[in-house]
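Take a look at the structure below.
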Amino acid sequence: MPAPKTEQYPPKSEQYPPDTRQTIVRDAAAIAVATGAYGISFGAIGVASGLSVAQTCALSLLAFTGASQFAFVGIIGGGGALVSAGLAALLLGTRNAFYGVRLASLLNLRGLRRLAGAQFVIDETTAMAVGRRTPELARVGFWSTAILLFSLWNLGTLIGAVAGESLGDPGTYGLDAAAPAAFIALLWPRLTDTRSRAVGAGAALVAVALVPLVPAGIPVLVAGAVAIAVGLRRTAKTPNGTPEPATEEAR
Amino acid sequence: MIWAAVLLTAAGCYLLKLAGLSVPQRILERPAVRRSAALLPVALLAALVAVQTLSTGERLVVDARLAGVGVAIVALILRAPFIVVVALAAATAAVVRLIA
């Protein structure tokens, strides 16, 4: 365990064995299965909202960002204008641009690989890439999640679009709690220093406070501003080491 | 018309993703940008967790999800592996809904 951030928890190495390719791919598979099951729900809702099977599947293939897709079909299903549906989807998709800023130096994609990799910059792939011991493991996290989740999300969408709502609400299986639990679990090892904890807690509070006041998508973006504000403050510099020593240096 | 909206939305979502990945290296290397970029996933994902757990659309809601995420946090404190944490959260939420 050479990663400096684990030094604060000496016993950690026993209970948290270091990430390896295998454990990362296994976790990616778990996320992909849970998300793929949610894809079934998206497919069913898409068709119920008045989209064709092909249109619903096109959204999963081409937009490939869950929250935006659900907002899009939700607004159309509720009788909203197509323009509102598109704008809501873009608003929710804007956080992916911020994920990209973080992933840019971690993945170091060029040319065609960047054009291909961009499609997979979403919540799950980012959560699986950040905070790994080495940039190589970050890339394993990103790409294994990208490939497995993209496959199962699209398969799930197709199944749901064809089968309709007969498969039921994902809430019945608790899948709506699985997603936030997975994100907390991935964030957890990174919340070792006071600043990360403060930023995480502050962002969560800001987002929850804003939910009733502004359109969906904005609360999370404003919470992202908390990170930018803290990062811009020179005085907030950590005295010994950046939040991510291992992954920051090697590119 | 729906096709046009689907394709334009998809193109917009893709360009947003690509824009972030395309920020030039020399900008990313500025210390302030590096610090902010390192903290961004923490802030965005923490906010996302809060919103996914406590809201439906533009309303705050307390329901079975909170129980599921609460159990997940306990499991994390007890150092349960990732898959166990996620499975416990889903099972808890499902059971709470079944009972309620």
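Read the figures in this text as sums done on the coordinates, not as results from a lab. As the structure is a computational prediction, the values presented were derived from the model and not from experiment. Glycine gets a Cβ as well: all are built from the backbone with ideal geometry, and neighbour counts include every protein chain shown.
Annotations for the structure displayed:
- Computed over chain A: relative contact order in percent, which uses C-alpha pairs under 8 Å that are six or more apart: 31
- Helical segments meeting 27 Å axial Cα length and Kyte-Doolittle 0.0 threshold in chain A (DSSP H): A:21-48, A:82-107, A:135-163
- Positive-pole candidate from A:F64, B:A67, A:G160, dipole of the protein assembly as shown, charges at beta carbon: A:F64
- As a ratio to 2.2 N^0.38 Å, the alpha-carbon radius of gyration for region B:1-68 is 1.59.
- The mean sequence distance of close C-alpha pairs (under 8 Å, at least 6 residues apart), as a share of the length of region A:47-158, puts its relative contact order at 26 percent.
- Taking the charge dipole of chain A about its Cα centre, with +1 at Lys and Arg Cβ atoms and -1 at Asp and Glu Cβ atoms, the residue from A:A88, A:A138, A:L175 reaching farthest to the positive side is A:A138.
- Efficiency of FRET from Cβ geometry, B:V95 and A:Q22, R₀ 45 Å, rounded to 0.05: 0.90
- Normalised alpha carbon radius of gyration of the protein assembly as shown [divisor 2.2 N^0.38 Å]: 0.94
- For the pair A:V83 and A:I147 in one chain, pulling the backbone fully straight at 0.36 nm per residue adds 20.0 nm over the alpha carbon distance.
- Spin-label pair A:R110-A:R197: with each label point 7 Å from Cα along the Cα-Cβ axis, the two points sit 4.2 nm from one another.
- The charge dipole of chain A, taken about its Cα centre with unit charges on the Cβ atoms of Lys, Arg (+1), Asp and Glu (-1) only, comes to about 880 debye.
- Cut-off 16 Å (backbone N to label point 7 Å along Cα→Cβ of B:I2), residues of region A:26-68: A:42-61
- Region B:25-99: C-alpha pair distances exceeding 21 Å, %: 45
- Taking trypsin sites (Lys or Arg not before Pro) across region A:60-130, the ones in a DSSP loop with at most 15 further Cβ atoms lying within 10 angstrom of their Cβ are A:R110.
- When the charge dipole of chain B is built from unit charges on Cβ atoms (+1 for Lys and Arg, -1 for Asp and Glu) and taken about the Cα centre, the candidate among B:V95, B:M1, B:G20 whose Cα reaches farthest toward its positive end is B:G20.
- Chain B - percent relative contact order, Cα under 8 Å, separation 6 or more: 18
- For a label point 7 Å along the Cα-to-beta-carbon line of B:I27, residues of region A:110-130 with backbone N under 20 Å: A:110-122
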